[in-house]
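The structure appears right after this line, and notes come after that.
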Amino acid sequence: MSETTAITTPQRRPRQPDCRLTDQQLADLITRERPYKVFDGNSLFALVTPSGQRSWRWRYYIRGREKVLLLGSYPEVSLEQARAARDQARDKVQAGIDPADEKREAKLALLIAQESSFEAVARAWHAKWAVGRHERYAEDVMSRLERNVFPVLGHKPVDQIEPKHVVAMMERVQGRGATHVARRVWNTCSQVFR
């Protein structure tokens, strides 16, 4: 090679910016007969369905498999929020955590917590306990629970209810001047906890 000829490297195409969509473009999307994708960048896209729903999804690879994570619906989840959710999910994937599995486990834990809430356990107890009891008495017991206990303790998991929570609930009932009702509610709660 001679000194007069210069070696030229091919010019690289400039990288397109990651964020190609705007709020106006999202608002102007039209529906079609079939669902279609509108990409934002870094595998984030909005899926537009024939019904007009726009949902944010992120395509990623983990352990050699392609997966798609639902990030929310537009406009409830804005463009900036979707990008932030994508970045958080990408960080998890880079750490070896599958965000879809994590989301599924969190949803399952919430479902288990709801099934083990005091209200769910008390209703299951009442269904068994009421068999063979007078109908009116069984209704009174459930009514006392619904009026006095469920608003205070109903949402809490049974294993997280401490004596101080029950005492606070009892003081609330007694504060109304219903000492007799408070005693009956306490007896019912103790049967549920057994």
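The values are calculated or read from the model by the stated rules, or taken from the named source; none is laboratory data. Here the structure is a predicted model, which is why all the values come from computation and not from measurement. Because the Cβ atoms are built from the backbone with ideal geometry, glycine has one as well, and the counts that use them run over all protein chains shown. For accessibility, only protein heavy atoms count, side chains too; no ligands or nucleic acids. Shrake-Rupley method; radii C 1.70, N 1.55, O 1.52, S 1.80 Å.
Between the beta carbons of residue 160 and residue 135, assuming R0 = 35 Å, the FRET efficiency works out to 0.60 to the nearest 0.05. Past the 27 Å Cα-Cα mark, which pairs from 103/128; 67/107; 103/164; 37/67? Pairs exceeding 27 Å: 103/128; 103/164. Taking the protein heavy atoms of the chain in the context of the full set of protein chains, the accessible area attributed to carbon and sulfur is 52 percent at 1.4 Å.
Only four residue types carry charge here, +1 at the Cβ of Lys and Arg and -1 at the Cβ of Asp and Glu. Report the dipole size of the stretch 141-184 about the Cα centre in Debye, rounded to the nearest 20.
So the dipole magnitude of the stretch 141-184 works out to roughly 220 debye.
Annotation: the antiparallel percentage among DSSP beta bridges lying fully within the stretch 50-194 is about 100. Solvent-accessible surface of protein heavy atoms, probed at 1.4 angstrom with all chains present, puts 126, 180, 155 in the order 155, 180, 126, largest first. Take the chain with all the other protein chains still there, run a 1.4 Å probe, and you get 70 Å² of accessible area per residue. Kindly identify the chain as rounded, prolate or oblate by the Cα gyration tensor criterion: order the square roots of the eigenvalues as a ≥ b ≥ c, call it rounded if a/c is under 1.5, otherwise compare a/b with b/c, prolate if a/b is larger, else oblate. Because a/c hits 1.5 or more and a/b exceeds b/c, the chain counts as prolate. Helix-only arithmetic for the chain: the sum of -39500 (n - 2.57) across DSSP H runs with n ≥ 4, divided by the residue total, places the mean residue ellipticity at 222 nm at -14500 deg cm²/dmol.
Applying both filters, DSSP loop and at most 15 other Cβ atoms within 10 Å, to the GluC sites (Glu not before Pro) of the stretch 68-146 gives 76.
What percent do you get for the relative contact order of the chain when only Cα pairs under 8 Å and 6+ apart count?
Values: 170 pairs, mean separation 20.4, N = 194.
Relative contact order comes out at 10 percent.
When the Cα positions of 141, 177, 160 are compared along the charge dipole of the stretch 141-181, 177 comes out farthest toward the positive end, with charges on each C-beta of Lys, Arg, Asp and Glu. The spacing between the stretch 84-137 and the stretch 22-66, judged by their C-alpha centroids, is 30 Å.
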